[in-house]
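The values are calculated or read from the model by the stated rules, or taken from the named source; none is laboratory data. Remember, predicted model here, so these are calculated numbers, not experimental data. For neighbour counting, all protein chains shown are included, and Cβ atoms are generated from backbone atoms with ideal geometry for every residue, glycine included. Accessible surface is based on the protein model in full, side chains and every heavy atom, while ligands, DNA and RNA are left aside. Shrake-Rupley method; radii C 1.70, N 1.55, O 1.52, S 1.80 Å.
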Amino acid sequence: MRTAPTCPRCFGPLHEPNIWSSSWRCAAHGDVLPFQPPHRPSQAALDTLCEAARVPVWLPWPLPTGWLVTGFAEVGDERSGARASVVALTGPSITHGPADMLIVAEEPGIGLGAAYAGLPGPDPGAGFDAGPPHAKIDVRGHPTALWCAGPGVPDDRAVYVGEALGNWLWTVAWPAEAGCFIALADLSLRDLRDQDQAVDPPFGAFSPRLDGPRPDGDVR
């Protein structure tokens with residue numbers, strides 16, 4: 001797992017703030033907020049993320065049978081707070097082997113959801129929501145529309161994107177067949193920052209999907 005912050009749009013290295021600039025800077029994308037090294041799954045890591053988050057920290061609850069929480073990540077620093085949050089999940093796929101899903105909440109312009117989706121970003125792009133939605137999920141008791149992202153999404157994943165509480169909501173699932181899980185599983189998302197709820201998520205092994213792709217497109 002990486003130890004230095006990276007670019008949320010390409011997972012590349014950043015130049016740290018210095019006496020001439022207070023910003024983190026990517027050679028390809030300019031000034032960005034830093035993508036911090038992901039957290040291994042634990043209640044302490046979840047509590048830390050929820051305290052720092054200025055965007056929702058979404059979790060499907062109750063979790064579907066066999067699914068586990070497998071890590072967390074955020075974009076931001078001590079000055080900015082977490083302006084994007086990621087919750088990783090792993091569970092049984094509908095075909096062979098495990099499936100992975102990342103649920104991203106982010107402010108417009110951050111670019112992390114698009115990076116996980118394999119898109120140039122930073123946002124879904126004009127016209128992504130043209131036509132009827134491809135899925136609807138429950139978000140804090142309200143039906144929320146999601147659209148398939150693309151074109152341009154790699155064939156190995158399924159990506160749905162919409163808007164909730166003024167922020168982008170991305171779901172990115174591997175393999176691509178797991179996309180039907182998002183569309184058909186009747187997911188209900190809770191914001192784990194909310195205090196009036198009792199959630200005790202089960203944790204599994206750390207998901208390498210959180211680290212982002214290598215230049216060859218594989219996970220780290």
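List of remarks:
- In the context of the full set of protein chains, the chain has a per residue accessible area of 46 Å² (1.4 Å probe).
- Under 15 Å, Cβ to Cβ, from Leu33 - net charge with Lys/Arg +1 and Asp/Glu -1: -3
- Candidates Arg40, Arg140, Arg209: whichever shows maximal mean-square fluctuation once the chain is modelled as a Gaussian network with Cα springs under 10 Å: Arg140
- Normalised contact order of region 64-194, rounded percent, pairs of Cα under 8 Å and 6 or more residues apart: 21
- The largest accessible area among Ser85, Ser22 belongs to the first residue in Ser22, Ser85, and the rest follow in falling order (1.4 Å probe, all chains).
- Anisotropy class of the chain from Cα gyration tensor, a/c 1.5 cut: rounded
- Highest-MSF residue in the chain out of Arg190, Arg79, Arg54 [GNM, Cα springs under 10 Å]: Arg79
- Sequence of Ser42, Ser207 when ordered by accessible area, the most exposed leading, probe 1.4 angstrom: Ser42, Ser207
- 16 Å reach of a label modelled at Ala28, 7 Å along Cα-to-Cβ, counting backbone N of region 115-131: 115-123
- GNM result for the chain, Cα springs below 10 Å: residue of Ile103, Ile19, Ile137 fluctuating most strongly: Ile19
- Relative contact order for region 145-220, counting Cα pairs under 8 Å that sit 6 or more residues apart, in percent: 17
- In the chain, Cα pairs under 8 Å separated by at least six residues give a relative contact order of 21 percent.
- Antiparallel content of DSSP bridges confined to region 95-220, in %, to 5: 90
- Sulfur and carbon atoms: percent of accessible area, region 155-200 [1.4 Å]: 46
- The separation of region 75-96 from region 25-40, counted between C-alpha centres, amounts to 15 Å.
- Protein-only accessible surface order, largest first, of Phe128, Phe72 at 1.4 Å: Phe128, Phe72
- Prolate/oblate/rounded label for region 75-188 (Cα gyration tensor, a/c 1.5): rounded
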